[in-house]
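S.K.: The following block contains the structure, expressed as C-alpha cells.
Laboratory data are not the source of any read-out in this text; all were calculated from the coordinates shown. Computed from a prediction, not measured in an experiment: that's the story for all the values here. Please note: Cβ atoms are built from the backbone with ideal geometry, for glycine as well, and neighbour counts cover all protein chains shown.
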Amino acid sequence: MENILVDNAKVMAKGQITLPKDIRRVLGVQTGDRVTLIQKEDQVVMMNSAVYAMKMLQTAMEGEAEKAGLRSDDDVVDMLMEMRGKAAE
C-alpha cells in the first residue's frame, strides 16, 4: 500500500504557503531550497527541484549509453581513458 501523507496549508495574501514540517521532511527541503510544482488537470504535484531535475535528466538520457556502445563499466572506463588520452595530446 502507498504511504500517503495528507496535510493542509493556508494561502496568504501574496499566494505564499508554509509547507508543513512533515511535508518538508518527506521532500527533503530546507530553508532556501527550491521546489518544482507540476500541474496535472485539477492536481498539483510538488517535488524537490533537485530530484525533479535529476529525473528529467535520467529520462532524457535513457538509452543513450547503449547507443554509444556502453554496455558495461569497463566500456565506460575505456571511453574515459580514450578521451583523456586525446585531451592530453
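S.K.: Whether any residue in the range 28-42 is surrounded by 10 or more Cβ atoms within 10 Å (Cβ to Cβ), among the polar types (S, T, N, Q) and assigned to a helix (DSSP H, G or I) is what I want to check.
M.R.: Within the range 28-42 (the criterion being surrounded by 10 or more Cβ atoms within 10 Å (Cβ to Cβ), among the polar types (S, T, N, Q) and assigned to a helix (DSSP H, G or I)), the answer is no, since none of the residues qualifies.
S.K.: Let me ask you something else. Quick check on the range 45-78: of everything there that is surrounded by 11 or more Cβ atoms within 10 Å (Cβ to Cβ) and hydroxyl-bearing (Ser, Thr, Tyr), which residue is farthest from residue 28 (Cα to Cα)?
M.R.: Step by step, filter the range 45-78, then rank; the result is 52.
S.K.: Also: Six or more apart or on different chains, Cβ under 8 Å: which pairs go from a residue in the range 58-81 that's assigned to a loop (DSSP other than H, G, I, E, B) to one that's small (Gly, Ala, Ser)? Could you list them?
M.R.: Hits for this filter: 71/65.
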